[in-house]
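Take a look at the structure set out below.
The values are calculated or read from the model by the stated rules, or taken from the named source; none is laboratory data. If you're wondering where the values come from, they're calculated on a predicted model, not measured in any experiment. Virtual Cβ from ideal backbone geometry, glycine too; neighbours counted across all protein chains shown.
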Amino acid sequence: MIDFVNKELLEIALTHKSCLNEHPSIKESNERLEFLGDAVLEFVITEALYKSFPDKQEGYLTALRSNLVNTQNLAEIAKKIGIGEFIHLSKGEEDGGGRENPSLLADTVEAIIGALYLDQGIGKVEEFIKENLVAEIPNKVLKPLKDPKSRFQEYIQAKGLPAPKYKVLKETGPDHNRDFVIQVKVQDKVMGEGTGKSKGQAEQEAAKKALSFL
């Protein structure tokens, strides 16, 4: 984990909101720090891309930034530095696989970035982001920058067809650990199905299947 001067900031950054229900003595979750960290992360990445790609236009830079700061990528960083085992969760959230939940892990990374900014300033934050995110840019630019859902929609529109429609087929599990099955259709023709812990994740998986089918 990262070294903090103010250890209390790190503790708050690692405190999921579910923990407050079981521990009345804990007064603050990491949501405010996540809000701050999200903005700091976007600024640092935007500046890095602006300087690194002087010949690229806004659309390319936006797509690359989204690819770097999306939930999946931030969750991978959390796993790489072992954040999951240190997060303070309620028993229900932990039993539901919270320590492996990509959305929860990504939110915690953003909270840690916010806490690090308050603790040691933008310089230290830039070091952390460059080591864990900017370093991934050479690999990212070799792959499609847009997510499967965006690429599938562009493909369908280029064919002159109406936009794909996504439908929830199944929704199971408790509120803190939902599973979704989503189907994507084009002109009433089923193109793919996907599963995920959120509707967005399941839609992306459905679009990925549809692209493979095409």
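Overview of results
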| read-out | value |
| --- | --- |
| Scan of segment 187-214 for residues that are under 12 Å from P164 (Cα atoms), outside any helix (DSSP H, G or I) and small (G, A, S), ordered by number | G192 |
| Identity of the residue in segment 1-36, of a type outside the set (A, V, I, L, M), under 20 Å from the mean Cα position of the chain (by Cα) and not in a helix (DSSP H, G or I), that ends up nearest to K91 (Cα to Cα) | S18 |
| Enumeration of residues in segment 149-174 that are surrounded by 12 or more Cβ atoms within 10 Å (Cβ to Cβ), in a strand (DSSP E or B) and among the hydroxyl-bearing types (S, T, Y) | Y166 |
| Whichever residue in segment 79-112 is of a type in the set (K, R) and either crowded, with 22+ Cβ neighbours inside 10 Å or without any contact (Cβ under 8 Å) to a residue 40 or more places away in the chain (or both) and, among such residues, is farthest from N177 (Cα to Cα) | K79 |
| D119, sole failed condition from (1) more than 23 Å from G37 (Cα to Cα); (2) over 21 Å from the mean Cα position of the chain (by Cα); (3) not aliphatic (A, V, I, L, M) | (1) |
| Options K130, K146: the member that is part of a loop (DSSP other than H, G, I, E, B) and in contact (Cβ under 8 Å) with a residue 60 or more places away in the chain | K146 |
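For (1) outside the structural domain of N30 (by TED's automatic domain parsing); (2) closer than 30 Å to I2 by Cβ, each residue gets a yes or a no:
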residue: F128; (1), (2): no, yes
residue: V134; (1), (2): no, yes
residue: Q157; (1), (2): yes, no
residue: P164; (1), (2): yes, no
residue: S198; (1), (2): yes, yes
residue: Q201; (1), (2): yes, yes
residue: K208; (1), (2): yes, no
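Let's see how each residue does on (1) at pLDDT 95 or above; (2) farther than 21 Å from G200 by Cβ; (3) of a type outside the set (D, E, K, R):
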residue: I2; (1), (2), (3): no, yes, yes
residue: I45; (1), (2), (3): yes, no, yes
residue: G59; (1), (2), (3): no, yes, yes
residue: T71; (1), (2), (3): no, no, yes
residue: I81; (1), (2), (3): no, yes, yes
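Here's the yes/no breakdown for (1) within 30 Å of Y60 (Cβ to Cβ); (2) in contact with a helix residue (DSSP H, G or I) (Cβ under 7 Å, 6 or more places away or on another chain):
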{"residue": "A135", "(1), (2)": "yes, no"}
{"residue": "P138", "(1), (2)": "yes, no"}
{"residue": "K143", "(1), (2)": "yes, no"}
{"residue": "K159", "(1), (2)": "yes, no"}
{"residue": "D175", "(1), (2)": "no, no"}
{"residue": "V184", "(1), (2)": "yes, yes"}
{"residue": "G194", "(1), (2)": "yes, yes"}
